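Peer 1: I have a structure here, written as structure tokens, and I will follow up with some questions on it.
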Amino acid sequence: MKKTIKLALVAALALGATSAFATNGSNLIGVGAKARGMGGAGIGVAHGAESALANAALITSVENTEMSFGGTIFMPKVSFDNGGGAGSKDSKADMNVIPSVSIASKVNDNFYWGIGMWGTAGMGVDYRTEQANFKMVTNLQLMQFGVPLAYTMNNFSVALTPLLQYGALDIDYNTNGTTAGKFGTGVAQDLQFGYNLGLAYEIAGATIGATYKSQIDMNYNGVLSGAGTLFGLTLGDELSTPAEIGVGISYKMKEHTIAFDYKQIKWSDAKGYKDFKWDDQSVYVLGYEYATSGWAARAGYNYAKSPITDQGVANTAINTLNLLGFPGIVESHITIGGTFNASKTTSIDLAYVYSPEVSQTVTASNAPSPGTRETTVKHSQTALTVALNYAF
């Protein structure tokens with residue numbers, strides 16, 4: 001049965017065969033076009049069925065049943081200069097499609113439920129033709145399946161979302177162009193369970209929300225432990241999805257809604273990321289929406305400091321694997337979006353995210369030779385999200 005589920009999930013991920021960079025470290029800034037158009041805001045502002053993952057307590061905003069089918073096209077631009085004179089080389093992992101499906105339904109005045117499938121995180125590079133960059137190819141993809149359950153009374157809502165998470169990780173590189181310097185075991189996969197909790201309270205045009213997302217421990221047999229060996233590192237094979245805690249508030253006045261979210265991503269406690277010495281992230285989100293009966297326009301800003309810092313001469317191998325293989329260093333995100341209501345039951349959402357280029361220089365391993373060198377990675381990205389919604 002578990003093997004059958006994995007095959008189904010692999011088919012779902014076939015849309016995203018190359019690697020994505022998901023902006024807040026390795027996490028998406030938001031799932032769904034409405035949230036992404038508002039900088040990722042979704043903890044304290046309702047987005048209908050789309051709220052199923054961000055804060056399931058807010059699916060209580062649907063009138064009857066609502067379905068949302070969408071996808072995000074990521075277009076990262078990443079380059080790496082190993083400091084050895086070869087110059088900057090571009091990663092060929094420059095496009096990825098991540099799907100999302102959310103359904104929410106009202107059972108009675110107090111109880112709501114739903115179901116969803118969301119691509120939630122991913123990152124990687126493709127330097128397979130660049131020996132100067134160790135021909136490094138990495139690919140991490142995560143997808144979650146959940147059943148949000150929400151109860152509401154007297155403007156207060158509480159929700160629980162049990163989650164099944166599928167993960168796939170592949171690392172392939174060659175430090176010196178010979179068989180002895182090559183590593184690659186193929187894609188390792190895992191299925192594990194987690195949960196999300198959500199709260200929401202509405203009063204006088206304002207909505208206040210809070211969320212907790214559990215850590216999900218994933219094990220990618222042989223990939224991380226093997227990848228560390230040629231760099232002299234002793235690593236485990238676990239790469240956990242970190243816990244998150246967040247709060248949000250929005251205020252609606254006629255056609256105008258303004259929203260603010262704050263959340264912490266606990267990278268430093270997550271297995272695997274702890275070995276890579278990632279720092280916790282504080283994420284700040286500001287979003288705005290102007291909505292009429294026929295259309296809506298949105299804008300937003302999302303900021304989180306890079307979780308990757310220079311570990312110095314004592315950890316040059318960690319620096320190399322972080323910036324060469326998993327450079328999740330983008331910090332600022334400027335977003336716009338909108339909705340067109342084609343009818344009382346059907347609407348189309350769009351969102352565009354732009355992340356300006358950032359660069360980071362660290363002291364990295366000079367493998368296969370001894371010593372160190374200064375290496376620099378540059379990273380920017382654009383993303384387009386489209387969703388079709390149907391309410392009945």
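The values are calculated or read from the model by the stated rules, or taken from the named source; none is laboratory data. Just so we're clear, the structure is a prediction, and the values are computed from it rather than from any experiment. Ideal geometry is used to build each Cβ from the backbone, glycine not excepted, and the neighbour counts take in all protein chains shown.
Peer 1: Which residue out of Gly30, Gly40, Gly44 is at pLDDT 95 or above and within 18 Å of Val386 (Cα to Cα)? It would help to see each step written out before you state the result.
Peer 2: Details: Gly30 fails: at pLDDT 95 or above; Gly44 fails: within 18 Å of Val386 (Cα to Cα).
The unique qualifying residue is Gly40.
Peer 1: A follow-up question, please. Residues in the range 51-96 that are surrounded by 17 or more Cβ atoms within 10 Å (Cβ to Cβ), of a type in the set (Val, Ile, Thr) and within 16 Å of the chain's Cα centre (by Cα): how many?
Peer 2: Matching residues across the range 51-96 total 1.
Peer 1: So, one more: Of the residues that make up the range 379-386, is at least one within 26 Å of Thr60 (Cβ to Cβ), surrounded by 16 or more Cβ atoms within 10 Å (Cβ to Cβ), modelled with pLDDT of 95 or more and of a type outside the set (Phe, Trp, Tyr)?
Peer 2: Yes: the range 379-386 contains one or more residues that are within 26 Å of Thr60 (Cβ to Cβ), surrounded by 16 or more Cβ atoms within 10 Å (Cβ to Cβ), modelled with pLDDT of 95 or more and of a type outside the set (Phe, Trp, Tyr).
Peer 1: Would you kindly identify the strands (runs of 3 or more DSSP E) lying entirely within the range 180-240 that contain at least 1 residues that are closer than 22 Å to Gly116 by Cβ and of a type in the set (Asp, Glu)? Walk me through how you get there before you give the answer.
Peer 2: Numbers: elements: 182-184, 188-203, 206-213.
In the range 180-240, the matching strands (runs of 3 or more DSSP E) lie at 188-203.
Peer 1: Okay, next question. Go over the candidates Gly312, Gly325 one by one and state the one that is surrounded by fewer than 17 Cβ atoms within 10 Å (Cβ to Cβ) and not hydroxyl-bearing (Ser, Thr, Tyr).
Peer 2: Working: Gly325 fails: surrounded by fewer than 17 Cβ atoms within 10 Å (Cβ to Cβ).
So the residue among Gly312, Gly325 that is surrounded by fewer than 17 Cβ atoms within 10 Å (Cβ to Cβ) and not hydroxyl-bearing (Ser, Thr, Tyr) is Gly312.
Peer 1: Something else: For the range 250-280, give me each residue that is in a strand (DSSP E or B), aliphatic (A, V, I, L, M) and crowded, with 18+ Cβ neighbours inside 10 Å.
Peer 2: Listed by number, the residues that qualify are Ala259, Ile265.
Peer 1: Check whether at least one residue in the range 121-137 is assigned to a strand (DSSP E or B), more than 13 Å from Ala56 (Cα to Cα) and among the polar types (S, T, N, Q), and report yes or no. Even if it seems obvious, please write down each step before you answer.
Peer 2: Step one: list which residues in the range 121-137 are assigned to a strand (DSSP E or B), which gives 121-126, 137.
Keeping just the survivors that are more than 13 Å from Ala56 (Cα to Cα) gives 121-126, 137.
Cutting the leftovers down to among the polar types (S, T, N, Q) gives us none.
No: the range 121-137 contains no residue that is assigned to a strand (DSSP E or B), more than 13 Å from Ala56 (Cα to Cα) and among the polar types (S, T, N, Q).
Peer 1: Can I ask one more? Whether any residue in the range 122-135 is within 18 Å of Lys213 (Cα to Cα), buried (at least 23 other Cβ atoms within 10 Å of the Cβ) and not hydroxyl-bearing (Ser, Thr, Tyr) is what I want to check.
Peer 2: Initially, the range 122-135 is screened for residues within 18 Å of Lys213 (Cα to Cα), giving 122.
Checking the rest, the ones that are also buried (at least 23 other Cβ atoms within 10 Å of the Cβ) come to 122.
If we keep only those that are not hydroxyl-bearing (Ser, Thr, Tyr) as well, we get 122.
Yes: one or more hits.
Peer 1: Looking for something in contact with a Pro (Cβ under 9 Å, 6 or more places away or on another chain) and surrounded by fewer than 24 Cβ atoms within 10 Å (Cβ to Cβ) - is there at least one such residue anywhere in the range 340-352?
Peer 2: Looking through the range 340-352, none of the residues is in contact with a Pro (Cβ under 9 Å, 6 or more places away or on another chain) and surrounded by fewer than 24 Cβ atoms within 10 Å (Cβ to Cβ).
Peer 1: Ok, one more. Is there a residue in the range 210-230 that is touching a helix residue (DSSP H, G or I) at 6+ places or on another chain (Cβ under 7 Å) and of a type in the set (D, E, K, R)?
Peer 2: For the range 210-230, residues touching a helix residue (DSSP H, G or I) at 6+ places or on another chain (Cβ under 7 Å) and of a type in the set (D, E, K, R): absent.
Peer 1: Same structure again: Among the candidates Ser332, Ser365, Ser355, which residue alone is surrounded by 19 or more Cβ atoms within 10 Å (Cβ to Cβ), modelled with pLDDT of 95 or more and among the hydroxyl-bearing types (Ser, Thr, Tyr)?
Peer 2: Values: Ser332 fails: surrounded by 19 or more Cβ atoms within 10 Å (Cβ to Cβ); Ser365 fails: modelled with pLDDT of 95 or more.
When all the criteria are applied, what remains is Ser355.
Peer 1: Under 7 Å by Cβ, and 6 or more places apart or on different chains, what pairs join a residue from the range 321-335 that is under 11 Å from Met123 (Cα atoms) with one that is part of a strand (DSSP E or B) and among the hydroxyl-bearing types (Ser, Thr, Tyr)?
Peer 2: Cβ pairs passing all conditions: Gly325/Thr138; Phe326/Thr138.
Peer 1: Right, here's the next one. Taking the condition of being surrounded by 15 or more Cβ atoms within 10 Å (Cβ to Cβ) and either without any contact (Cβ under 8 Å) to a residue 12 or more places away in the chain or not in a strand (DSSP E or B) (or both), how many residues in the range 150-179 meet it?
Peer 2: 1
Peer 1: Within the range 182-204, is there a residue that is touching a Ser or Thr at 6+ places or on another chain (Cβ under 6 Å), of a type outside the set (Gly, Ala, Ser) and loosely packed, with under 15 Cβ neighbours inside 10 Å? Give the derivation first.
Peer 2: Of all residues in the range 182-204, those touching a Ser or Thr at 6+ places or on another chain (Cβ under 6 Å) come to 194-196, 198, 200.
Then keep just the ones that are of a type outside the set (Gly, Ala, Ser); that gives 195-196.
Now restrict to residues that are loosely packed, with under 15 Cβ neighbours inside 10 Å: 195.
Scanning the range 182-204, I find at least one residue that is touching a Ser or Thr at 6+ places or on another chain (Cβ under 6 Å), of a type outside the set (Gly, Ala, Ser) and loosely packed, with under 15 Cβ neighbours inside 10 Å, so the answer is yes.
Peer 1: Follow-up. List pairs: first in the range 78-100 and under 22 Å from Asn176 (Cα atoms) and assigned to a strand (DSSP E or B), second acidic (Asp, Glu) and at pLDDT 85 or above, Cβ under 6 Å, 6+ apart or cross-chain?
Peer 2: Pairs found: Ser79/Asp90; Ser88/Asp81; Lys89/Glu130.
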